[in-house]
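Encoded as structure tokens, the structure appears first; notes follow it.
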Amino acid sequence: MNAWPALGGASKSYLLVIRNNAPANKLYDKFGYKEIYMYWYRSKRSAGEE
């Protein structure tokens, strides 16, 4: 893994990954990333939608 973020003072990193992206989640698990919260996308309803 690249060390340049730590050299710049970073001590943590975060990712935003779609939950059903199994290949990405498997890779990030190997690097020690864990789910800490879920994110919901929101959109404004169009005229006429219920």
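Nothing in this text is a laboratory measurement; each read-out follows from the coordinates by a stated rule. Everything numeric in this text was worked out from a predicted model, so none of it was measured. Please note: Cβ atoms are built from the backbone with ideal geometry, for glycine as well, and neighbour counts cover all protein chains shown.
The table below lists the values:
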quantity	calculated
Sorted peptide list for 24-32, 6-14, 39-47, criterion being average Cβ within 10 angstrom, highest first	24-32, 6-14, 39-47
Label selected from [x] 32, 17, 15; [y] 65, 17, 11; [z] 53, 25, 16, the criterion being Cα extents along the principal axes in Å as computed here	[z]
Alpha carbon centroid spacing (whole Å) that separates the range 34-50 from the range 1-29	24
Partner lysines for Lys34 [C-alpha distance under 29 Å; skip if fewer than 8 residues away on the same chain]	Lys12, Lys26
